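The values are calculated or read from the model by the stated rules, or taken from the named source; none is laboratory data. No experiment lies behind these values; they were computed from the predicted model shown. Cβ coordinates were reconstructed from backbone atoms using ideal geometry, including for glycine residues, and neighbour counts include every protein chain displayed.
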């Protein structure tokens, strides 16, 4: 009888936690839907996601639509839009639309991967530094300060000059390793505030271990803030990769929007082929704008003061 009561009590607590998180998510979603910036950003992001998924289709239709190796045998150079090539072709006769779709896939891969890795590192280090305090906090924050003052793009350029062109996953790893300090400082500050709250003291009195307190009581309260910063980290990662590719230090085996712009510039078509120049530039601008809009909308969800200001306006 006692065991049944205990099992029922544990089940009730588990259901309450799940329903609590579901309620918080639904409340946040209702606020998010009211944001015009959030709706526009979501629509743009869905469009680019469809482009990334659709990038696998053109090579299946015809090998000449392969973004890297496919060449139209009847077109030896760059020509404008046509029925067979909706956005035209590049200097080798490769289809620009296929390259644009492949660039969307690379942008998502680089942006989301680098942002997730940097947020994971920043959140973990911020939690440990804020909760442990003292010498651990000092050492970790000084390390963050040293990395934070290093310009990410310049460091990647130096590494590329020393070791040659970097592959796409090396670029992702480098971006992640140099973009976590800002997140860690924010998470640390939030952790310092949370660990002074009464519910943390109650958990300690109840005999909860430090690991349990961090993962069950503190981390769920800082994760929304971490996801907010992830949207901005995606933007910076996409811009850094595009800049590297444009400067000639990107992955030579990958078609990205920055690589497309480099080909336009190197072949002298910068002012001759707007059908080739404008699409990748517009896509870079719009995808970074979409993540920025999502971040602003999420900021309104997390900060009630912003919602009040919006209502007054």
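Data overview
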quantity: Residue match in segment 209-216 (condition: modelled with pLDDT of 85 or more and crowded, with 18+ Cβ neighbours inside 10 Å); calculated: yes
quantity: Top-ranked residue in segment 95-128 [being within 24 Å of the chain's Cα centre (by Cα) and more than 24 Å from residue 289 (Cα to Cα); ranked as surrounded by the most Cβ atoms within 10 Å (Cβ to Cβ)]; calculated: 126
quantity: Boolean, residue 235 is farther than 26 Å from residue 81 by Cα, modelled with pLDDT of 90 or more and crowded, with 16+ Cβ neighbours inside 10 Å; calculated: yes
quantity: Residue that is modelled with the lowest pLDDT [pool: residues in segment 131-170 that are on the phi > 0 side of the Ramachandran plot and not in a helix (DSSP H, G or I)]; calculated: 164
quantity: When residues of segment 48-72 are limited to those that are exposed (fewer than 13 other Cβ atoms within 10 Å of the Cβ) and more than 23 Å from residue 252 (Cα to Cα), the one modelled with the lowest pLDDT; calculated: 61
quantity: Filter result for the condition that a residue is within 21 Å of residue 126 (Cβ to Cβ), surrounded by fewer than 20 Cβ atoms within 10 Å (Cβ to Cβ), over 20 Å from the mean Cα position of the chain (by Cα) and modelled with pLDDT of 85 or more, over 177, 223, 173, 192; calculated: 192
quantity: Check on residue 245, outside any loop (DSSP other than H, G, I, E, B), free of Cβ contacts under 8 Å to residues at least 40 places away in the same chain, within 21 Å of the chain's Cα centre (by Cα) and crowded, with 20+ Cβ neighbours inside 10 Å; calculated: yes
quantity: Boolean, residue 233 is part of a helix (DSSP H, G or I) and free of Cβ contacts under 8 Å to residues at least 60 places away in the same chain; calculated: no
quantity: Residue 264 within 22 Å of the chain's Cα centre (by Cα) and crowded, with 21+ Cβ neighbours inside 10 Å; calculated: no
quantity: Residue among 163, 116 that is closer than 30 Å to residue 200 by Cα and touching a helix residue (DSSP H, G or I) at 6+ places or on another chain (Cβ under 9 Å); calculated: 116
quantity: Single residue of 147, 187 found to be closer than 25 Å to residue 130 by Cα and in contact (Cβ under 8 Å) with a residue 40 or more places away in the chain; calculated: 187
